[in-house]
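Asker: Here's a structure for you.
Read-outs throughout are calculated quantities, based only on the coordinates presented, and are distinct from any laboratory measurement. On a predicted model such as this, the values are computed, not experimentally measured, just so you know. Don't worry about glycine lacking a Cβ; one is built from the backbone with ideal geometry, like all the others, and counts go over all protein chains shown.
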Amino acid sequence: MKIERPRGTRDFLPEEMEKRRAVEKVMRRIAESYGYREVMTPTFEHSELFKIKSGEEIVKEMYVFLDKGGREMALRPELTAPVVRMFLDCCEVLPKPLRFYYFSNCFRYERPQRGRFREFWQFGAELIGSNSCLAEAEVISLAYEILKALKVEFELKIGHVGIMRKVLSGIENSEKIMHLIDKKDVENLLSEMERLEVPKDVREKVLMLMDLKGDLSILEDVKIEEADRLKKLAEVLEDYKVKYKLDLGIVRGLDYYTGVVFEFYSEKLGAQKQICGGGSYELASLFGGKETPATGFAIGFDRVCEICEVDLEKRVKVVVVSFKETYSKAIEIAKKLREKDLIVIIDVMDRSVKKQLSFANDISADFALIVGGRELEAGEVLIKNLRSGEQFGVKISDLSPALFVK
RNA sequence: GCCCGGAUGGGGUAGCGGGAACCUCUGGGACUGUGGAUCCCAGGCCCCGGGUUCAAAUCCCGGUCCGGGCCCCA
């Protein structure tokens, strides 16, 4: 019986890994250029951590298990909660603000489909300790620059939970309304507001705000304090040269969001269009720590990999071709060339010269270095350019990486 | 959790009640010191379990996995 890969997981072959690593490298470099430093948290946490953040129901969507001590654990379904937990465990006294980034795999027990897997990767950043719109703008700019550097085509939508919350303040059970607003489910929204006996002026305001989309000017007539915050944020984003679209219909029902919320979308994917999401939140006090404002985002790494373009690092690949009687010399030469940063591959199948060259061709090597007995007598080896077919002898003492330039 | 479609050598496909075929691939050889072409030899498959039938890759049921969508999306 063959053992199969678990549902919703993937194997990555070298070609794909090379792209993923290249993408990862771009993300890291940009995050670091903003002063963000990498952190890493455990693959699993007490399931309680995620329940506190997202509610009891998410247990259904998590990989939960009891450890041998009977503790209930969960494979992390996301990284914001663990990072905040880590912050409370050991970083509360570090100079604020803290700038962290992370890149790790996460696990969710969901029905897989395009762009959605049970094991997936998130790249994200959290700026902890500031609640200013300058902090929010920086975080948005970081996500924006990363996606731009990867040549992703996207749309950035920015909203603010405070505005809608203000309008709905005093209305009981407003989470459901917020949820329906986020879903853009107008029909059910109307009936729900009717059921909750929401005053007419509030209903009209909700519907009006929901449809407000566009640039700064849409906020002109919104006379709510929180709108001024969004306005200020928008102004700073102009300085960052970030192109965005305000959308007050983006809300999010969860209580820990405190202000700005934003989402990046790409039309190149299927049903799972969102490639990045984030916002300002206050989780520290939920987890039993001192109230601490923070802003962060998480990029769906797998989705971005599907639609982005990166330059792959090209290292010169050389196959050292040898004969039985020259094999030990070939190893010696291969060793030297590897130290000079070339990729050097040597036969381990006791193959004929023909097969070794054929193999070099199959793996798209750039050069073959033929270590032959006749040439060795003159202290030489042959370098063959596998693209052009050109071949010439060179003294072993003169072997330098410069000879292997495509 | 729900709906639709699918699963045939390592990869891509044909067959859709009665001989499992093709392309590619992998290893070796023709050619024992020179790759890409050609030819030869070898390797390996009907997703799993049950049922119908004289006979199942083929029809039926259940499961697993994949793809698309719904729900969800922290």
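Asker: Post the alpha-carbon centroid distance, region A:1-69 to region A:308-379, in whole angstrom.
Answerer: Each part reduced to its Cα centre gives a spacing of 38 Å.
Asker: With only alpha-carbon pairs counted, each pair once and no self-pairs, how large is the Kirkwood hydrodynamic radius of region A:105-192 in angstroms? Don't jump to the answer; show the numbers that get you there.
Answerer: Details: mean 1/r = 0.0598 Å⁻¹.
Radius from the Kirkwood sum: 16.7 Å.
Asker: Another question about this same structure. Mark the label point 7 Å from the Cα of A:Tyr265 along Cα→Cβ and return the residues of region A:168-183 whose backbone N is within less than 18 Å of it.
Answerer: Residues passing the 18 Å test: A:179-183.
Asker: Please state the charge dipole magnitude for chain A, taken about the Cα centre, from unit charges on C-beta atoms (+1 on K and R, -1 on D and E), reported in debye and rounded to the nearest 20. Intermediate results must be reported in sequence, preceding the final value.
Answerer: Working: 67 positive and 70 negative charges, 304 e Å.
With Lys and Arg at +1 and Asp and Glu at -1, about 1460 debye.
Asker: Quickly rank A:310-318, A:159-167 as a protection proxy: mean count of other C-beta atoms within 10 Å, highest first. Mind showing how you got there, number by number?
Answerer: On the way: A:310-318: 13.9, A:159-167: 23.4.
Top of the packing list down: A:159-167, A:310-318.
Asker: Same structure, new question: Magnitude of the Cβ-charge dipole of region A:232-285, K/R +1 and D/E -1, about the Cα centre, nearest 20 debye?
Answerer: Details: 7 positive and 8 negative charges, 48 e Å.
That gives region A:232-285 a dipole magnitude of about 240 debye.
Asker: What net charge is computed for the residues neighbouring A:Val260, neighbours being all others with C-beta under 9 Å from the C-beta of A:Val260, Lys and Arg scored +1, Asp and Glu -1?
Answerer: Details: positive: A:Arg229; negative: A:Glu136.
After counting each charged neighbour, the total is 0.
Asker: Would you please put A:65-77, A:3-15 in order of how densely packed they are, using the mean number of other Cβ atoms within 10 angstrom per residue and starting with the highest? Present the calculation step by step, with values, prior to reporting the outcome.
Answerer: On the way: A:65-77: 14.0, A:3-15: 9.8.
Going by the mean number of other Cβ atoms within 10 Å, highest first, we get A:65-77, A:3-15.
Asker: Which angle between 0 and 90 degrees, to the nearest 10, do you get for helix A:186-195 versus the longest principal axis of chain A when only C-alpha atoms count?
Answerer: 40 degrees
Asker: While we're on this one: What's the extension gain from A:Leu190 to A:Glu291 if we count 0.36 nm per residue and subtract their Cα-Cα distance?
Answerer: Working: separation 101, 0.36 × 101 = 36.36 nm, distance 3.55 nm.
Working it through step by step, the gained length comes to 32.8 nm.
Asker: Can you give me the C-alpha center-to-center distance between region A:156-209 and region A:103-131, rounded to a whole angstrom?
Answerer: 28 Å
Asker: Which is farthest toward the positive dipole end of chain A among A:Gly270, A:Tyr244, A:Pro14, measuring Cα position about the Cα centre, with Cβ charges +1 (Lys, Arg) and -1 (Asp, Glu)?
Answerer: A:Pro14
Asker: Still on this structure, please answer the following. Tilt of helix A:353-362 relative to the longest C-alpha principal axis of chain A, in degrees (0 to 90, nearest 10)?
Answerer: Result, in degrees: 20.
Asker: With an 8 Å cut-off on Cα pairs and a minimum separation of 6 or more residues, tell me the relative contact order of chain A in percent. Walk me through the intermediate numbers first.
Answerer: Details: 673 pairs, mean separation 64.4, N = 406.
In percent, rounded to a whole number, it is 16.
Asker: A:Lys25 to A:Glu235: FRET efficiency via 1/(1 + (r/R0)^6), r the Cβ-Cβ distance, R0 30 Å, to the nearest 0.05?
Answerer: That gives a FRET efficiency of 0.35.
Asker: For A:Ala81, what is the net charge nearby, where nearby means another residue's Cβ is under 9 Å from its Cβ and Lys, Arg count +1, Asp, Glu -1?
Answerer: Values: positive: A:Lys53, A:Arg76, A:Arg85; negative: A:Glu45, A:Glu78.
Neighbour charge sum, excluding A:Ala81 itself: +1.
Asker: As a check on your grasp of the helix formula, calculate [θ] at 222 nm for chain A: sum -39500 (n - 2.57) over DSSP H runs of n ≥ 4, divide by the residue count, round to the nearest 500. Please list the in-between numbers first.
Answerer: On the way: 13 runs with 141 residues, N = 406.
The helix-only estimate for chain A comes to -10500 deg cm²/dmol at 222 nm.
Asker: Tell me, what is the Rg over Rh of region A:31-183, with Rh the Kirkwood radius over Cα pairs?
Answerer: 0.98
Asker: In debye, nearest 20, what is the charge dipole magnitude of region A:196-245 about its Cα centre with +1 on Lys and Arg Cβ and -1 on Asp and Glu Cβ, if you could check?
Answerer: So the dipole magnitude of region A:196-245 works out to roughly 200 debye.
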